[in-house]
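Reviewing the structure listed below.
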Amino acid sequence: MTRILKALALALCLGAPIAHADSCPWMPDSRIDAAFPDRAPWSVMAGGQGRCKWTSDESKPSSTISLIQMIQTSPAEAEKYVTTVGGGMAKGGYAVTPLPSIGKAGVAVRQQEPDSQMLTLIGHQKNNVVMTQMSFQKGVDAAQQATAEKLTLETLAADTGGGLVMPKAK
């Protein structure tokens, strides 16, 4: 469990802005603009192999979206990863809801508070795992979550340049 939570923390850090990037090589800004037009235009904060993070127009309520694709050694390992991370977050006090539309073990994770500003979707297909993380000021509603599910499925099917390969435990 600790290994999985450390891997999740690493993925979160890798999804954090390191430097401003001009674009995401596998997901155009226009797709994010179309997905969430009320906060457009979106701009890439960090982009690269297996991960991209966007921020909303500075004149609108502060919002971020990140898409992180991680490659596991097998479909079984991908499913196990999602199950373990979802279970760990549930034990950590988050509301974890099954979301089989993004993988048999797929989950939606929210803070346990009204109008939760954060949403994390964790899904899997084949040996790919995708985490979609959103932080929207004033909360993430059901329609925005449905759109995030579509982005998650697109990222699961995308060639992100090999995805992130998580470090192996020693």
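The values are calculated or read from the model by the stated rules, or taken from the named source; none is laboratory data. A quick note: this is a predicted structure, and the numbers were derived from the prediction, not measured. Reconstructed Cβ throughout: ideal geometry from the backbone, glycine too, with neighbour counts over all protein chains shown. Ligands, DNA and RNA are stripped out before the accessible areas are found, and what is left, the full protein with its side chains, is counted by its heavy atoms. Shrake-Rupley method; radii C 1.70, N 1.55, O 1.52, S 1.80 Å.
Mean sequence separation of contacting Cα pairs (under 8 Å, at least six apart), scaled by the length of segment 20-139, corresponds to a relative contact order of 21 percent. The three principal axes of the C-alpha atoms in segment 23-154 carry coordinate ranges of 42, 35, 20 Å, sorted with the longest axis first. Loop-resident GluC sites (Glu not before Pro) (DSSP state other than H, G, I, E or B) in segment 49-156 with no more than 10 further Cβ atoms inside 10 Å of their Cβ: E58. Near A78, once Lys and Arg are set to +1 and Asp and Glu to -1 for all other residues with Cβ below 14 Å from its Cβ, the sum equals +1. Surface composition of segment 10-140: carbon and sulfur atoms hold 54% of the protein heavy-atom accessible area at a 1.4 Å probe. Counting only Cβ charges, +1 for Lys and Arg and -1 for Asp and Glu, the dipole size of segment 102-150 around its Cα centre is about 240 debye.
Over all other residues within a Cβ to Cβ distance under 12 Å of M131, the charged ones net out to +2, with Lys and Arg as +1 and Asp and Glu as -1.
Segment A90..K138, full-extension length gain: 15.0 nm, with 0.36 nm per residue of separation and the alpha-carbon distance subtracted.
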